[in-house]
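**Q** Here's a structure for you.
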Amino acid sequence: MTLNVTGPFIYFTIPILGGIPITQTTVSFLIVTVLLCTLFVALGKGLSTDHPSARQTLVEKGVMMMHDLVVSSMGSHNAHWTPFMITIFLCSICGSLIGMTGFFRSATADLSCTMVWALMVSFIIWHNNIKNNGVLGWFKGFTEPVAVMTPMNIVSEIAQPVSMAFRHFGNVAGGGVITSVLYMGLSMASTAVLNLISASGWLVSAVLMAAGAGLLLLRRRKKKLSLLIFGCLSLGLGIFGLLQTLGVLSGVPVLALGIPAVLSCYFDIFSGAVQALVFSLLSMVYIAGSCPDPNED
Amino acid sequence: MGQFEALVGVNFWTALFVLLNTLLVFFVAKKYLTGPIMKIIAQRQQEIADTYGEAEAAKTDAEAMQAEYRQRLSAAKSEATEIVKAANATAAQQAGQLMDEAQREAAALKRRAEQDIEAERRKAAMELKGDISELALTLAGKVVEKELDPSTQQSLIDGFLDDLGDLS
């Protein structure tokens with residue numbers, strides 16, 4: 001059994017301009033876009049100042065949370081960056097979580113996606129620097145504090161979007177790879193265990209089923225999670241072992257049931273959310289660095 | 001089996017597509033969500049600020065009115081105290097006057113009574129003195145068996161009686 005780690009699947013290629021590939025990333029991000037646009041338009045309707053509905057209160061709370069985050073990390077003169085940060089944050093988290101549907105691949109598990117966002121941030125920073133200091137002033141900024149530092153400054157300027165893009169992409173793609181590896185490993189392990197059980201004869205299966213049922217019955221007296229887990233496991237192994245002995249089913253990945261959910265919580269939900277937050281926070285910090293407070297000068 | 005992209009790599013078309021979609025999401029978010037929400041919140045803050053201003057003005061008014069009433073009240077109170085004090089003073093003065101008058105009247109009454117008594121006593125003493133001198137004259141006439149000339153002897157006898165002692 002081999003595991004192929006590849007990029008997004010190319011559904012088809014539009015044969016113009018040298019072939020435009022429509023990949024899994026394209027499709028899943030299109031869905032995210034449609035979803036978010038619909039959501040925004042639906043949530044932004046029917047607002048009132050004096051009698052806000054529950055929905056409006058929640059939306060206001062959410063928008064104000066991002067607004068406060070932007071103000072606290074970028075300063076109040078940069079509050080107009082709130083919609084951009086909301087966009088980046090929600091696109092990132094939805095692009096990561098759409099991978100959990102099983103039908104679509106996480107859009108952020110494609111470097112094309114995260115690199116675009118990182119470069120957007122970089123272009124905003126460069127634009128602001130040129131606007132504030134002029135083209136010459138921007139180039140002169142690379143020679144500070146001493147001229148020797150110029151190569152370092154140029155490298156750090158390039159490394160910033162690259163590191164942002166690779167961090168986000170690597171975390172999501174890596175999480176996906178680990179989940180795939182886990183599924184494969186667990187299905188291999190369950191095949192091996194079921195082979196062992198069926199080879200030992202039906203009696204072993206019967207004993208396992210009885211033990212599982214016993215544990216589940218015992219759980220009715222004592223509410224313990226471990227009893228439930230081991231009971232289900234033992235019962236499942238017994239049933240599918242017996243089915244394999246009888247030749248009805250074979251190679252059912254019993255162990256892959258339930259166990260990956262725990263890790264998926266971390267690698268898909270937590271990691272996706274954290275990377276979205278990290279990406280938007282870094283964007284805020286970098287953009288704030290290029291937008292100094294006009295009143296402080 | 002279809003084709004796959006490389007795991008680590010940037011596809012221009014995918015990137016362009018993501019860029020356009022992100023920009024679309026950004027503009028929709030700005031126009032339909034954050035713009036209206038921020039406007040609503042600003043309006044509400046303005047309303048709240050207005051309400052606070054009105055409340056502040058009303059409070060100032062009320063405080064001024066309260067101070068005025070308090071002042072009026074204390075003025076009225078002091079006025080009342082003044083009136084009571086003045087009344088007390090008048091009453092005391094009148095009482096003193098009455099008392100003085102009464103005392104004066106009593107003293108006058110007493111003095112007149114004393115004068116009356118004195119006059120009565122003098123009158124009685126004079127009468128007594130006349131009676132006694134007459135008696136003595138009669139007595140002496142009888143003793144010397146000789147008619148004394150009352151007109152010549154009278155002053156002598158009066159002098160004798162005066163020497164005898166003041167009867168008053």
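Throughout, read-outs are computed from the coordinates displayed, never taken from laboratory work. In this text the structure is predicted, and so the values were computed from the model without any measurement. Cβ atoms come from the backbone with ideal geometry, glycine included; neighbour counts cover every protein chain shown.
**Q** Determine which lysines satisfy two conditions relative to A:K131: a Cα distance under 19 Å, and not lying fewer than 8 residues away in the same chain.
**A** A:K140
**Q** While we're looking at this one, here's another question. Treating only the Cβ atoms of Lys and Arg (+1) and Asp and Glu (-1) as charged, compute the dipole magnitude of segment B:12-164 about its Cα centre; round to the nearest 20 debye. Please list the in-between numbers first.
**A** Working: 19 positive and 25 negative charges, 451 e Å.
With Lys and Arg at +1 and Asp and Glu at -1, about 2160 debye.
**Q** Say a paramagnetic label sat at a point 7 Å from the Cα of A:D293, along Cα to Cβ; which residues of segment A:63-87 have their backbone N under 19 Å from it?
**A** A:67-82
**Q** Which of A:H67, A:H168, A:H80 comes first, and how do the rest follow, when ranked by fewest Cβ neighbours within 10 Å? Let's see the in-between values first.
**A** Working: A:H67 22, A:H168 27, A:H80 13.
The fewest-first ordering by Cβ neighbours comes to A:H80, A:H67, A:H168.
**Q** While we're on this one: Select from segment B:87-129 those GluC sites (Glu not before Pro) which occupy a DSSP coil region and have at most 14 other Cβ atoms within 10 Å, ordered by residue number.
**A** On the way: sites: B:E101, B:E105, B:E114, B:E118, B:E120, B:E127; in loops: none.
Listed in order of number, the matching sites amount to none.
**Q** Give me a single rounded figure for A:23-30: the average over its residues of other chain Cβ atoms within 10 Å of their Cβ. Could you put the intermediate results ahead of the total?
**A** Details: counts 7, 3, 6, 7, 1, 0, 7, 3.
Per-residue shielding by partner chains comes out at 4.
**Q** Hey, what does the equivalent ellipsoid look like for segment B:21-82, semi-axes from the Cα gyration tensor as sqrt of 5 times each eigenvalue, largest first, whole Å?
**A** Values: eigenvalues 677, 5, 3 Å².
The answer is 58, 5, 4 Å, longest axis first.
**Q** Also, I was wondering about something else. For A:K222, list the aspartates and glutamates whose Cα falls under 12 Å from its own Cα; do not include residues on the same chain fewer than 8 positions away.
**A** none
**Q** Mind sorting A:W126, A:W81, A:W117 by how few other Cβ atoms lie within 10 Å of their own Cβ, fewest first? Spell out each step's value before the answer.
**A** Details: A:W126 13, A:W81 20, A:W117 25.
Listing A:W126, A:W81, A:W117 from fewest to most nearby Cβ atoms yields A:W126, A:W81, A:W117.
**Q** Something else: Excluding residues on the same chain fewer than 8 positions from B:K39, give the aspartates and glutamates whose Cα lies under 18 Å from its Cα.
**A** Counting by Cα, and skipping residues close in sequence, B:K39 has these aspartates and glutamates nearby: A:D50, A:E60, A:D68, B:E47, B:D50.
**Q** If we count every other residue with Cβ under 14 angstrom of B:A64's Cβ, Lys/Arg +1 and Asp/Glu -1, where does the sum land?
**A** Details: positive: B:K59, B:R70, B:R72; negative: B:E56, B:D61, B:E63, B:E68.
Summing Lys and Arg as +1 and Asp and Glu as -1 gives -1.
**Q** For chain A, which span is the longest to avoid every loop-located (per DSSP) member of trypsin sites (Lys or Arg not before Pro) having at most 11 other Cβ atoms inside 10 Å?
**A** A:1-221
**Q** Where does each of A:68-77, A:20-29, B:44-53, B:22-31 land if you order them by average Cβ count within 10 Å, highest first?
**A** A:20-29, B:22-31, A:68-77, B:44-53
**Q** Now, a different point. Expressed as an acute angle from 0 to 90° and rounded to the nearest 10, what is the orientation of the C-alpha long axis of helix B:12-28 relative to the principal long axis of chain B?
**A** Here the helix axis deviates by roughly 30 degrees.
**Q** Considering the convex hull of the alpha carbon atoms of segment A:88-214, report its projected area averaged over all viewing directions, in nm², one decimal.
**A** For segment A:88-214, averaging the hull's shadow over all directions gives 13.6 nm².
**Q** Return one number: the angle in degrees, 0 to 90 and rounded to the nearest 10, between the long axis of the Cα atoms of helix A:82-97 and the longest principal axis of the Cα atoms of chain A.
**A** Approximately 20 degrees, to the nearest 10.
**Q** Hey, could you get me the Stokes-Einstein D for segment B:12-164, Kirkwood radius over alpha-carbon pairs, 10 °C and 1.306 mPa s, rounded to whole µm² s⁻¹?
**A** Values: Rh = 28.7 Å.
Approximately 55 µm²/s, per Stokes-Einstein.
**Q** Shielding of A:87-99 by partners, i.e. mean partner chain Cβ atoms within 10 Å per residue?
**A** Values: counts 11, 3, 0, 2, 6, 1, 0, 1, 3, 0, 0, 0, 0.
Taking all residues of A:87-99 together, the mean is 2.
**Q** Show me, for segment A:60-67, the HN-Hα J-couplings you get by feeding each phi into the Karplus relation (A = 6.51, B = -1.76, C = 1.60, θ = phi - 60°), rounded to Hz, glycine and proline as x.
**A** Going residue by residue, I get 4, 4, x, 4, 5, 4, 5, 4 Hz, with x marking Gly and Pro.
**Q** Radius of gyration and Dmax for the protein assembly as shown's Cα atoms, expressed in Å?
**A** Using the Cα atoms of the protein assembly as shown, the pair Rg, Dmax is 60.4, 203 Å.
**Q** Next question. Arranged by the count of other C-beta atoms within 10 angstrom, fewest first, what order do A:F103, B:F4 take? Kindly include the intermediate steps, with their values, before the conclusion.
**A** Working: A:F103 10, B:F4 15.
Sorted ascending by nearby Cβ count, the order is A:F103, B:F4.
**Q** Given the C-alpha atoms of segment A:174-297, compute the convex hull and give its volume per residue in Å³. Can you show the working numbers first?
**A** On the way: hull volume 15.2 nm³, N = 124.
Hull volume normalised by residue count: 123 Å³.
**Q** Please give the helix A:150-199 orientation as an angle from the longest Cα principal axis of chain A, in degrees from 0 to 90, rounded to the nearest 10.
**A** 10 degrees
**Q** Any idea which of A:V41, A:V71, A:P253 is furthest toward the positive side of the dipole for the protein assembly as shown, if Lys and Arg beta-carbons carry +1 and Asp and Glu beta-carbons -1?
**A** My answer, from the dipole projection, is A:P253.
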